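As structure tokens, the structure follows; a few thoughts come after it.
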Amino acid sequence: MFRDLTAEQAALAQYMSDLSEEAYCAGWMDGLEYALWQVVLGDRTDYGHLTFTPEHASTLRRLSASCRVGSCSTTTRKRSGFLKPTGRAAFRLG
């Protein structure tokens, strides 16, 4: 699932997937990347069965900042089944 990603992007994608598993017992819920970005921005504190802590937001920020594409997130392409990095133009750190 994480092919075509740098190690940094794969680490971010894996952490996001782990959070999705904790919240909904699903590897990647539809809209996950948007919900987690709300956590980073401080606009959301819960998602499914998961209550986010400042450490969650900090880890998401750190992993995002470590991506070589700039501050990036990852998003799924439903038809192709792989993750595609999205750059700073799509998501900006506050």
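The values are calculated or read from the model by the stated rules, or taken from the named source; none is laboratory data. Keep in mind it's a predicted model, so treat the numbers as computed, not measured. A quick note on method: Cβ atoms are made from the backbone with ideal geometry, for glycine too, and the neighbour counts reach across all protein chains shown.
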Residues satisfying the stated conditions in region 10-67, i.e. among the basic types (Lys, Arg), assigned to a helix (DSSP H, G or I) and surrounded by 15 or more Cβ atoms within 10 Å (Cβ to Cβ): Arg61
Output the qualifying pairs, or none if there are none: Cβ atoms under 6 angstrom, residues six or more apart or on different chains, first residue in region 46-60 and closer than 14 Å to Glu21 by Cα, second residue crowded, with 18+ Cβ neighbours inside 10 Å and among the hydrophobic types (A, V, I, L, M, F, W, C). Tyr47/Ala23; Tyr47/Ala35; Gly48/Ala23; His49/Ala23; Leu50/Ala23; Phe52/Val39
Look at Glu33 and say whether it is of a type outside the set (A, V, I, L, M, F, W, C) and modelled with pLDDT of 95 or more. no
Which residue pairs have Cβ atoms closer than 8 Å, lie 6 or more positions apart in sequence or on different chains, and pair a first residue in region 25-39 that is over 17 Å from Thr53 (Cα atoms) and touching a residue at least 40 places away in the same chain (Cβ under 8 Å) with a second residue that is assigned to a helix (DSSP H, G or I) and of a type outside the set (A, V, I, L, M)? Trp28/Ser17; Trp28/Ser20
